[in-house]
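Before any comments, here is the structure.
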Amino acid sequence: MFEKNIEVIEYCKKNDIKFIDFKLIDIAGRWHHLTVPVRKFTEEMMGKGIGFDGSSYGFLTVEKSDMVFKPDISTAFIDPFVEEKTLVMLTEIYYTDGNRFESDPRYIADKTEKLVYSSGIADKILLGPEFEFYILDRVSINNKPENFGVSLDSENAHWNMGNKENNLGYKVLHHKGYHVDLPYDININLRNKMVSLLEENNINVKYHHPEVGGAGQMEIEIDFDSLLKVSDNTMKIKYIVKNEAIRNNKTVTFMPKPFYGEAGNGMHVHMNLHKEGKPVFYDENGYSELSQTALFAIGGILKHAPAIMAFTNPSTNSFKRLVPGYEAPVNLCYGNANRSAIIRIPGYANKPLDKRFEFRSPDATSNPYLGYSAIILAALDGIENEIDPTENEFGPIDENIFEMSDVEREKIQALPHNLVEVVDALKEDYEFLLKGNAFSMNIIKDQIDSLLKQHYKVMRYPTFKEFEMYYDL
């Protein structure tokens with residue numbers, strides 16, 4: 001939004017800005033914030049920065065926790081949810097000695113992007129994520145030793161078909177929500193409000209629609225943009241979608257699998273590279289019109305996918321989505337227009353500049369800066385080391401994997417089944433993340449520690465299904 005500090009100060013005076021709100025991201029991908037009166041936004045503050053405790057963000061040990069953040073004025077936007085007029089800025093994290101903190105997620109995305117450009121392979125990275133989420137009317141979470149349970153409800157879900165009060169019918173049947181029209185699509189006005197806010201905040205939306213999940217699943221897909229910009233926009237999208245839902249007395253979850261037996265929420269990532277205005281991934285004579293460079297990129301992503309999942313699927317809930325039968329990929333392969341493959345080559349993207357592939361396993365529990373960067377670094381490794389996906393037995397597979405026989409399906413390499421397997425994969429395969437100092441060993445170690453803590457913490461809690469299966473033994 002701004003290039004110079006003086007532009008910010010003049011804008012605040014002209015537009016009666018009352019507060020400046022600074023957003024910081026933790027290792028898990030949650031925003032935190034600190035707000036100052038607008039008079040505090042000075043050249044001195046910009047140069048000096050604002051101190052904070054880095055250990056509270058999951059980055060460093062307590063002994064090294066004193067850190068400083070500085071605003072990135074180019075990211076400024078007006079917060080649509082705060083009563084007093086507030087200008088929001090994303091931030092950059094520094095050590096107290098003035099050096100940039102190497103594990104700042106935004107810095108990692110920036111380093112990754114510059115690494116690709118310096119390689120000479122491309123001068124433009126284009127990423128296009130798809131955001132799936134559920135809009136719900138009520139959620140109740142109770143987690144006590146003697147009484148635990150979760151209750152979710154959506155007014156247009158099939159289980160409300162028999163309600164005798166305030167029921168006008170037109171409930172969406174189980175697993176039948178894809179592109180349903182009015183009057184079934186009761187969330188159209190809310191989605192329009194969400195998308196209008198995104199557009200007002202310079203996030204270009206490709207389209208939005210109801211998704212497969214009958215209990216209020218939605219999708220918003222945005223236009224392609226650079227790695228750092230898409231990472232920033234991912235955070236803004238989640239912020240705007242959640243808060244606009246709250247403002248309309250609804251609630252939103254991006255959880256990969258909030259409902260058993262219903263479609264999960266993915267965050268499919270489309271990827272494309274350009275150089276000097278020309279498509280890097282297009283070859284009219286290649287498989288599905290992909291260039292050899294694109295196939296090498298696919299080979300790199302598939303080879304490193306188990307380790308990548310430490311950053312693209314970093315929750316225990318992620319693995320409740322990655323099960324056969326719900327268009328969630330569980331096998332390491334690629335194919336043309338194949339939604340059962342972890343990498344799909346969209347059949348409709350048939351123009352040279354649009355030629356791309358889609359990585360389908362990620363979900364929105366990821367920190368987008370880390371998740372997208374890990375994908376790009378794996379693709380870069382594949383290109384530079386000419387990792388051929390066919391030679392590594394990753395396909396191509398152009399048939400529905402879920403309809404194969406067990407014998408045929410077992411020949412395809414599988415994704416990890418839980419966070420422990422992901423951690424084991426990352427421990428064995430992390431060198432590609434360190435190229436150009438994009439990732440640091442500290443953040444890899446921090447992520448491993450976080451994933452193992454999550455896994456064993458959740459494992460200690462009894463579940464409802466265990467009572468059904470074991471209570472009477």
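Nothing in this text is a laboratory measurement; each read-out follows from the coordinates by a stated rule. These figures come from a predicted structure and were not determined experimentally. Please note: Cβ atoms are built from the backbone with ideal geometry, for glycine as well, and neighbour counts cover all protein chains shown.
Brief remarks follow.
- Pairwise label distance in nanometres, SER151 with HIS209, each label 7 Å out on the Cα-Cβ vector: 3.5 nm
- On the beta carbon distance between ASN143 and THR42, with R0 = 41 Å, the FRET formula returns roughly 0.35.
- In plain terms, the bigger the Kirkwood radius, the slower the diffusion; for the chain, with that radius from Cα pairs, at 37 °C and 0.692 mPa s, Stokes-Einstein puts D at 139 µm²/s.
- Segment 220-349: Rg to Rh, with Rh as the Kirkwood radius over Cα pairs: 1.00
- In segment 193-280, chymotrypsin sites (Phe, Trp or Tyr not before Pro) in a DSSP loop with at most 10 other beta-carbon atoms within 10 Å: TYR260
- Highest-first packing order for the peptide set 305-312, 175-182 is 305-312, 175-182, based on the mean count of other beta carbon atoms within 10 Å.
- Model label points for ASP97 and MET161, set 7 angstrom from Cα along the Cα-to-Cβ axis, are 6.7 nm apart.
- Taking 20 Å as the limit for the C-alpha separation, the pairs LYS23/LYS229; LYS4/LYS70; LYS275/LYS355; LYS320/LYS355; LYS23/LYS85; LYS23/LYS70 exceed it in the case of LYS320/LYS355.
- Helix runs (DSSP H) in the chain reaching 20 Å along axis by Cα, Kyte-Doolittle at least -1.0: 105-119, 227-247, 292-312, 368-384, 441-459
- Extension gain, VAL407 back to GLU386 (0.36 nm per residue minus Cα-Cα distance, nm): 4.6 nm
- Amide H contacts for LYS124 (H built 1.01 Å from N in the peptide plane; partners 5 or more residues away or on another chain; cut-off under 5 Å): HIS274.
- Net charge dipole size for the chain [Lys, Arg +1 and Asp, Glu -1 on Cβ; Debye, nearest 20]: 1160 debye
- The distance separating the Cα centre of segment 265-315 from that of segment 166-235 comes to 25 Å.
- Karplus-derived 3J(HN,Hα), 6.51/-1.76/1.60, for each residue of segment 73-82, Hz, glycine and proline x: 5, 5, 9, 5, 8, 7, 6, x, 10, 9
- Here LYS445 is the anchor, and the lysines within straight C-alpha reach of less than 22 Å, apart from those fewer than 8 places off in the same chain, are LYS64, LYS111, LYS303, LYS427, LYS435, LYS453, LYS457.
- Protection proxy ranking of 270-280, 365-375, by the mean of other Cβ atoms within 10 Å over each peptide's residues and highest first, is 365-375, 270-280.
- Of the trypsin sites (Lys or Arg not before Pro) found in segment 1-97, those that fall in a DSSP loop while having at most 13 other beta-carbon atoms within 10 Å are LYS4, ARG30.
- For ASP66, residues with placed amide H under 5 Å, excluding near neighbours: GLY54
- Radius, Kirkwood style, for segment 5-101 when every pair of distinct Cα atoms is counted (Å): 14.0 Å
- For segment 296-420, alpha-carbon Rg over 2.2 N^0.38 Å: 1.01
- A DSSP coil position with no more than 15 other Cβ atoms inside 10 Å describes the following chymotrypsin sites (Phe, Trp or Tyr not before Pro) in segment 132-173: TYR170.
- Counting only Cβ charges, +1 for Lys and Arg and -1 for Asp and Glu, the dipole size of segment 307-430 around its Cα centre is about 600 debye.
- Reachable aspartates and glutamates from LYS242, criterion Cα separation under 14 angstrom, eight or more residues apart if same chain: ASP79, GLU132, ASP137, GLU219
- Only Lys, Arg (+1) and Asp, Glu (-1) charged, at Cβ; segment 26-76 dipole about Cα centre in debye: 160 debye
- Taking θ as phi - 60° and the Karplus parameters 6.51, -1.76 and 1.60, the scalar couplings of segment 25-42 work out to 10, 8, 5, 7, x, 9, 7, 10, 8, 9, 10, 10, x, 4, 5, 7, 7, 10 Hz in sequence order, x denoting glycine and proline.
- Per residue of the chain, the DSSP helices (runs of n ≥ 4 H) give a summed -39500 (n - 2.57) that works out to -10000 deg cm²/dmol at 222 nm.
- Nonlocal amide H pairs with PHE41, under 5 Å, H built at 1.01 Å: none
- Applied to segment 331-342, the Karplus parametrisation 6.51 cos²θ - 1.76 cosθ + 1.60 on θ = phi - 60° returns per-residue 3J(HN,Hα) values of 10, 7, 7, 9, x, 7, 6, 9, 6, 8, 8, 5 Hz, with x for Gly and Pro.
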